[in-house]
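What follows is a short report on a single structure.
The values are calculated or read from the model by the stated rules, or taken from the named source; none is laboratory data. Quantities reported herein were computed from a predicted structural model and do not represent experimental measurements. Backbone-built Cβ (ideal geometry, glycine too); neighbour counts: all protein chains shown. SASA here: full protein model, heavy atoms, side chains in, ligands and nucleic acids out. Shrake-Rupley method; radii C 1.70, N 1.55, O 1.52, S 1.80 Å.
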Amino acid sequence: MKFSDLGLGPEILRAVDDAGYVTPTPIQEQAIPVVLMNRDVLGCAQTGTGKTVSFVLPMLEILAAGRAKARMPRSLIIEPTRELAAQVEKSFATYGKYHKLTTALLIGGTSFVDQERALMRGVDVLIATPGRLIDLFERGKILLSDVKVLVIDEADRMLDMGFIPDVERIVSLLPRIRQTLFFSATMPAEIRRLADKFLMNPKEISVSPPASPAAGVEHFLVVLQPSEKREALARLIEAEDVKSALIFCNRKRDIAAVVRDLKRHRLMVGEIHGDMPQPKRTETLDAFKRGAIHLLVASDVAARGLDILELSHVFNYDVPHNPEDYVHRIGRTGRAGRTGRAFTLAMPEDGKFVAAIEKLIASPIRHAEVPGLEPGALEAEGAEEPRRRPRRRGRRGAEPAHPRRHEAAPAKPGERRPPPAAKEHGKEAARGARPRPERHERAPERREPAEAEAVESGLPAFLLRPLVVKGAKKD
């Protein structure tokens, strides 16, 4: 099947031909005709299969007729990251160059003023991240009552990043009568719940097993000690025919250390992570795509949304704690039918994470060795660190655990201490005082003379007290 068999207009087919594509991918072949029928779609396909084009092309055809109003976008695409949003905007520019549709990008790290101006001119396609979209809505700069088509892309990534409450709020602001396209690489229970809530009689499309690696990617596992990871990474880059590669780290603080180490080996390397300002991130990505730098050390912010066809390698400097992130990371290479290689550097204590990945992809990862380094072995799944033995207290007849605590300190000059034998009789014996009376013995009660006489005579005590009259003279 070709793109011309999917019911697209001549302007779109011309743009597709200019981009060099002839045959659609399975997800595109099944999704495009359904979207053109104005039906809701629930699409599940692994990364790198062309999900973006499967909704970009039919949206261009649907929105070709009509006109946008100020502050009222006609369609809305929600993306989890800035890079993925920018990638979708680029796709609309590529395939919609023979249309007069307007697009706007609402992402963090950029000027509010420029985005507000774009909204005032009228937008046909609005591409936004959840946080910035809500900010502009609360400022009264955007109205969502005219949205005809809603696209929720990479829904499972939204779940991982904690954007689901924001997405639910955004959807509540949209009109009930609309077309909703829901795409995700995996389909956990929470994502299925959202799909049932947002979609109306959707067409479910699944073209590959969820969370399965691309067929053209060879992936390997290298087990070594933590002190050898940087050296192993440099040797692998030297041994492999690396044209361009992504290097993923779990922690942002490790990115700068890896970049410094690779620069010592005189490699063209850059970095990208969530704390960088958006202009710097865009500049770094552009330099990586045009070949000014060959290696890009990144956090999981780059695990999705980067479509670089010439990416030959992916290196996982750290084993991802979420097994689904592994599939997305290595899916950056081997895209559009090409081949690629991925290496994961693991430490012995990463055994449980590797086991979770192999369980998810339903196949073991082939082990590889680094020239000049001794291979290691993973610890068994579920192995726990040895517990510390509790400190044993001293028992009768046994030496105390800490004898020094029971030894008396040497006496200071001039200090008087009781003899050792006094300790057997307690503190009272040491002080030479009389022992206290037993609790059942009661000391005799002291009474006044009048009260004592009254007790003996049987009369009330107040009758025997002397009478005192105020103002009377004494004899």
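Tabulated data
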read-out: Under-5 Å amide H pairs with Ile77, H placed in peptide plane, nonlocal only; value: Leu126, Ile127, Ala128, Val151
read-out: Region 87-116 versus region 309-373: alpha-carbon centroid distance in Å; value: 33
read-out: Where region 142-258 is the region considered: accessible area per residue in Å², 1.4 Å probe; value: 44
read-out: Listed residue pairs exceeding 26 Å between alpha carbons, taken from Lys51/Lys197; Lys243/Lys352; Lys51/Lys100; value: Lys243/Lys352
read-out: Relative contact order of region 15-165, pairs being alpha-carbon contacts under 8 Å that are 6 or more residues apart, as %; value: 28
read-out: Cα lying deepest toward the dipole's positive end in region 108-250, options Val222, Ile170, Ser145, charges on Cβ; value: Ser145
read-out: Alpha carbon Rg of region 1-127, scaled by the compact-globule rule 2.2 N^0.38 Å; value: 1.06
read-out: Cα gyration tensor shape of region 220-324, rounded if a/c is under 1.5, else prolate or oblate by comparing a/b with b/c; value: rounded
read-out: Per residue value of the accessible surface for region 1-132 (all protein chains in place, 1.4 Å probe), Å²; value: 40
read-out: Dimensionless Rg over Rh [region 90-132; C-alpha; Kirkwood]; value: 0.98
